[in-house]
């Protein structure tokens with residue numbers, strides 16, 4: 001059931017109702033709006049059984065083409081005498097368990113063989129009663145083949161009582177005291193068709209070979225209605241149209257004849273308030289409703305919203321992560337600077353220590369070099385000058401014989417590349433010399 005506050009949102013739609021008569025088809029097209037329903041078309045297709053199906057099917061299509069409506073799944077109302085309606089109380093039975101419970105009783109509800117019937121059921125409102133429609137399978141197959149040959153797309157086949165019940169709830173609810181409606185049957189000679197609702201019989205429908213007044217009395221007794229519940233024509237219980245074609249018969253008789261096709265068109269336009277019984281096999285039903293795309297559109301919207309939220313969440317999480325990372329970096333930056341400064345101080349200290357070690361080693365290296373040079377000039381040779389730096393040694397003095405002097409110096413591991421820096425000169429028995437050598441090894 002649709003909540004009351006949501007009902008205005010569902011009062012939209014266009015539907016075609018077809019009442020199958022002995023000779024003619026009555027076609028009504030209704031359009032629902034929150035402000036009220038409109039009767040868009042009311043036509044009678046005559047002698048449909050005697051004419052080629054393609055011919056009267058084209059006539060039906062012209063009705064829809066004139067209204068410029070999208071393809072409409074029509075709801076066909078079967079002749080009342082061809083459908084059995086049974087109302088069965090099943091207290092405590094849930095909708096999930098109802099099919100099994102109904103199948104258990106089905107054989108006792110009709111006079112046909114089990115394989116010869118088609119049936120459908122619906123819970124009646126919020127009660128524990130279930131309405132069951134039963135028809136011969138050959139009749140349903142015959143009508144289905146006939147409409148298919150004509151090119152008429154059917155959304156269902158039902159009976160008039162089900163369309164009355166459904167259409168009376170589109171723009172409101174029937175009175176709690178009950179409903180008693182009397183209308184014309186498909187074959188006027190058969191008497192009156194009575195429809196009613198009460199606490200004892202939440203859906204009642206019957207053909208009575210009696211005058212309308214007598215039929216109403218008998219139906220009130222069956223329904224156990226209070227005396228104040230007045231019998232009215234079926235048309236007065238249905239939602240009144242806010243507009244109708246100019247050529248419509250607005251007389252009382254015309255309104256009574258319009259009750260069945262009008263209820264069928266209203267139910268076809270919006271069956272969600274009270275889904276009608278449907279005897280047409282599911283595989284033969286034509287469905288064309290924009291509302292069917294609503295769940296898909298909602299799911300697509302939800303999916304897009306989820307994907308958008310996921311993408312936004314990813315970007316937000318990334319920004320939050322970067323902010324947290326910056327905060328953590330800001331926290332550890334002072335310590336990092338301290339560590340870097342400490343590393344620099346340690347490096348400078350190590351460098352100083354290494355420099356001191358080098359100075360310490362230089363003294364020993366210089367003393368060793370001085371010893372090497374001294375040993376290279378045995379007495380009676382003597383030196384007038386001795387100078388050295390980190391790269392070379394310069395020596396000047398006198399020696400008795402300079403032969404082999406350079407070779408002797410080059411044999412030292414601390415000297416190499418010895419050479420005289422001036423020509424040799426004699427001073428008495430000694431030769432005056434000046435030489436230099438490249439310093440090798442040792443501390444620098």
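Only the coordinates and a few stated rules stand behind these numbers; no lab work does. Model, not experiment: these values are computed from the prediction. Here the Cβ positions follow ideal geometry from the backbone for every residue, glycine too, while neighbour counts run over all protein chains shown.
Per the Kirkwood formula applied to alpha carbons, region 319-444 shows a radius of gyration over Rh ratio, Rg over Rh, of 1.48.
Approximating the spin labels as points 7 Å out from Cα along Cα→Cβ, the residue 401-to-residue 145 distance works out to 14.8 nm. Spacing of the modelled spin labels on residue 336 and residue 368, each 7 Å from Cα toward Cβ, amounts to 4.7 nm.
For region 4-288, take the alpha-carbon Rg, divide it by the Kirkwood Rh, and send me Rg/Rh. Radius of gyration relative to Kirkwood radius: 0.94.
Once each part is reduced to its C-alpha centroid, what is the distance from region 252-275 to region 352-428 in angstrom? Comparing the Cα centres of region 252-275 and region 352-428, I get a distance of 132 Å.
What do you get for Rg/Rh over region 1-110 if you use C-alpha atoms and the Kirkwood form of Rh? Value, to two decimals: 1.09.
D for region 373-439, whole µm²/s, Stokes-Einstein with Kirkwood Rh over alpha-carbon pairs at 37 °C and 0.692 mPa s: what number? All intermediate terms of the calculation are to be shown ahead of the outcome.
Working: Rh = 11.9 Å.
Answer from the Stokes-Einstein relation: 275 µm²/s.
Compared with the direct C-alpha span, the chain from residue 105 to residue 350 gains 77.8 nm at full extension, assuming 0.36 nm per residue. Scaled against 2.2 N^0.38 Å for its residue count N, the alpha carbon radius of gyration of region 223-280 is 1.37.
Evaluate the relative contact order of region 373-439 (contact order divided by residue number), counting alpha-carbon pairs under 8 angstrom at least 6 apart; express in whole percent.
Over region 373-439, the number comes to 33 percent.
I'd like the Kirkwood hydrodynamic radius of region 217-317, using the inverse of the mean 1/r over distinct C-alpha pairs, in Å. Mean inverse Cα-Cα distance, inverted, gives 19.0 Å. Look at where the Cα atoms of region 295-325 and of region 166-235 average out, and the two centres are 58 Å apart. The slack between residue 283 and residue 87, meaning 0.36 nm per residue of separation minus the straight C-alpha distance, is 67.9 nm.
Computed across region 107-250, the Kirkwood hydrodynamic radius from all distinct Cα-Cα pairs reaches 17.2 Å.
Mind checking the angle between helix 53-67 and the chain's longest principal axis? C-alpha axes, 0 to 90 degrees, to the nearest 10. Orientation of helix 53-67: about 60 degrees from the principal axis. With 0.36 nm allotted per residue and the present C-alpha distance subtracted, the residue 424-residue 298 stretch has 34.0 nm of extension available. By DSSP, the beta bridges lying fully in the chain are antiparallel in about 85 percent of cases. Which of 380, 245, 71 moves most in a GNM of the chain, Cα contacts under 10 Å? Comparing 380, 245, 71 in a Gaussian network model of the chain, the most mobile one is 380. GNM remark for the chain: springs join alpha carbons under 10 Å apart, and the peak mean-square fluctuation among 111, 52, 334 falls on 334. Spin-label model, residue 49 to residue 98: label points 7 Å out along the Cα-to-beta-carbon direction sit 3.4 nm apart.
Hey, what's the Kirkwood Rh for region 256-395 if you take every pair of different alpha carbons, in angstrom? Roughly 27.1 Å, rounded to one decimal.
Percent relative contact order of the chain, based on C-alpha pairs within less than 8 angstrom and at least six residues apart? Could the numbers behind the result be given before it?
Details: 707 pairs, mean separation 71.5, N = 444.
About 16 percent, as a whole number.
Which angle between 0 and 90 degrees, to the nearest 10, do you get for helix 137-150 versus the longest principal axis of the chain when only C-alpha atoms count? Around 70 degrees separate the two axes.
Consider all pairwise Cα distances in region 182-240 and report the whole-number % of them above 16 Å. Let's see the in-between values first.
Numbers: 690 of 1711 pairs.
Tail fraction, whole percent: 40.
Extents of region 98-140, taken as max minus min of Cα coordinates on every principal axis and listed largest first, are 33, 20, 14 Å.
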